[in-house]
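Below is one structure, written out as structure tokens; comments come after it.
Every read-out reported here was derived from the displayed coordinates using simple, explicitly stated rules and does not represent laboratory data. No experiment lies behind these values; they were computed from the predicted model shown. In this analysis, Cβ positions are derived from the backbone assuming ideal geometry, glycine residues included, and neighbour counts consider all displayed protein chains.
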Amino acid sequence: MMDRFNHLWINGEKVTLPETKEVFSPATGEKVGIVPNGGREVTEQAIESAFNAYKTWSVLPAGERSHYLQDWADRILKNSLELAEILSAEQGKPVRESREEIEGSCDFIYWYAEEAKRNYGELIPGSKKNQRIMVFRQPVGVAALITPWNFPAAMVTRKTAPALAAGCTVILKPASQTPMIAIALFQHLMDTGIPAGVANLVTGKSSEIGDTLLSDSRVRKISFTGSTGVGKELMRKAADQVKRISLELGGNAPVIIFPDSDMDLAADAIVANKFENCGQVCNGINLIYVHQEAADELTEKIVERVRRLKVGPPAEPDVNLGPLIDGSELRKVESLIEDAREKGAHILCGGKRLQEEKYQNGHYYAPTVLNQVNQEMRLVHEEIFGPVAPILTFESEEEVISRCNNTPYGLAAYVFTKDVARVYRMSESLETGMVAVNSTSLSVPQAPFGGIKESGMGREGGHYGLEEFLNIKYVSLNLGE
Ligand code: NAP
């Protein structure tokens, strides 16, 4: 695998560079590949290539753009196991989970292959007899797509597919920890025969690449998924040229369980969400608020399920959790638990790094549940992004809403109850971009995924996701006498 991904994609060609960057397995610490360590120069080439390709791609009939997308997804699906192994090698999640991600990534491409054809305009009655008002929806131009390491395939297709469907050309910049799966996905895109320059990919020095993309007036759109800190920086820089920008940032998602809930359903759904991808999910549950009447019952059910989770290397069968992405994430999780322990939290299971022989050199942390959690603890306010489930209790609906809204984040929230009126009250009062009721699953191709407050702006998925890559143009036509 080592050399296979040592290239960028610029103008339909593989481009290698003398300077390279290593990619490591989070499971073993071993080097699993090298990729080019690009910067300003290759980014400028990628912009040039995307800008030139835009002239023809943007006016290609939507049905033809759609064919390329369909073909891309077909090719990915045919190779889903191989791609899942590449993803797991650099990201660490179990191969089964990687395969689900690869297949889910295709759902986005198929969906946008169809949506490309439904980019309808509008005809509005004029103010005068002979006036006609038309509204066109046109591609924004060259789009820069910056993706994180936690869903390194899904984030690539969730941005690339709507951008290409809308008629934009793209420059993708994947995360340094997980560039190989992006390069591999682009190989399949190039194999469709898509015109040169429509899709370009650069890896390397993120701030240099980012600054080049942001300072070039030919780039008209930035679509970023990642941390809130970097998102704010990009937003400040995008202001200079008033570039369109979408931001999918961090979260601090609560799940709220009322005493009338089905506790087995809630426990299953909470554990599935919280420990997916080793807890490294932007809309992953950060805090579990259970009504005090149901706290003992739900806590017992969660702990019982978490104790059964199997942690191990990605290729091992039946593994539920792999390692954390790197040493710094592992140390962050350790320090959050240390802080909570010192401030009085009670660790019900886990609460330590895994260091037995098979975990050596990997960034493994035991699936952890804790209660006696209070507002003084850092993990109540910070995004944990690890396999840690803190349980808090509440007494009333008003109180829990106010505690959940007391955060700068606003990505997702989950509610368990059988009371329909409460479903409405909670859905309307929680300050988040998404609410799931009696479930903890949110990302599907047809729905608008995204946050409010410091969790970002713009949406991915559904027709909303296409609109992020479209400008509205109003044309007033005088028909004459
Ligand atoms: P990150 O450090 O912000 O990195 C994300 C991407 O931005 C990477 O490709 C990174 O490249 C790049 N980058 C970093 N600094 C940059 C700069 N100055 N200019 C341009 N690009 C720059 O985030 P992460 O740690 O990879 O991802 C975890 C975060 O993503 C979490 O907070 C999570 O909640 C969030 N997330 C949100 C969503 C959502 O939909 N809301 C989905 C998934 C993840 P390098 O890796 O090369 O530095």
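Brief remarks follow.
- Net lengthening on full extension, E22/V242 (0.36 nm per residue, minus Cα-Cα): 75.7 nm
- Cross-link reach is defined here as a Cα-Cα straight distance under 18 Å, omitting same-chain residues fewer than 8 places apart; for K129 the aspartates and glutamates meeting it are E481.
- Karplus 3J(HN,Hα) series, Hz, for the stretch 35-49 with 6.51 cos²θ - 1.76 cosθ + 1.60 (x for Gly, Pro): 9, x, 9, x, x, 4, 4, 5, 5, 4, 5, 5, 5, 4, 5
- A convex hull fitted to the Cα coordinates of the stretch 230-358 yields 172 cubic angstrom per residue.
- Proximal lysines to K352, defined as alpha-carbon separation beneath 30 angstrom and excluding residues fewer than eight positions away on the same chain: K31, K93, K274, K301, K310, K332, K343
- Each Cα pair under 8 Å and six or more residues apart adds its sequence gap; the mean of these over the residue count of the chain is a relative contact order of 19 percent.
- Here, the stretch 243-312 is characterised by an Rg to Rh ratio of 1.08, where Rg is the alpha-carbon radius of gyration and Rh the Kirkwood radius.
- Seen from a random direction on average, the alpha-carbon convex hull of the chain projects onto 24.3 square nanometres.
- Mean projected area in nm² (Cα convex hull; one quarter of hull surface) for the stretch 11-58: 4.7 nm²
- Directionally averaged shadow of the stretch 388-481, computed from the convex hull of its alpha-carbon atoms, nm²: 10.2 nm²
- Between the helical axis of 263-275 and the longest alpha-carbon principal axis of the chain there is an angle of about 60 degrees.
- Over the stretch 336-454, volume per residue of the alpha carbon convex hull, in Å³: 151 Å³
- Over 19 Å [Cα-Cα, the stretch 188-260], rounded percent: 52 percent
- GluC sites (Glu not before Pro) lying in DSSP loop within the stretch 329-365, provided at most 15 other Cβ fall within 10 Å: E356
- Expected 222 nm ellipticity per residue - DSSP helices of 4 or more, -39500 (n - 2.57), all of the chain, to 500: -12000 deg cm²/dmol
- The stretch between H346 and R218, if pulled fully straight at 0.36 nm per residue, gains 40.6 nm over its current Cα-Cα span.
- Comparing the stretch 325-384 with the 2.2 N^0.38 Å rule of thumb, its C-alpha radius of gyration ratio is 1.14 (two decimals).
- Cα-based equivalent ellipsoid, the stretch 1-160: semi-axes from gyration tensor eigenvalues, Å: 37, 21, 13
- Under 16 Å from K453, Cα to Cα: aspartates and glutamates that are on another chain or at least 8 residues apart: E233, E248, E382, E383, E428, E431
- Along principal axes, Cα extents of the stretch 1-93, largest first, whole Å: 48, 34, 17
- Fully extending the segment from Q446 to D419 would add 7.0 nm, taking 0.36 nm per residue of separation and subtracting the current Cα-Cα distance.
- Cα gyration tensor shape of the stretch 145-190, rounded if a/c is under 1.5, else prolate or oblate by comparing a/b with b/c: prolate
- Two-site label geometry, E30 and A196: point separation in nm, points 7 Å out along Cα→Cβ: 3.8 nm
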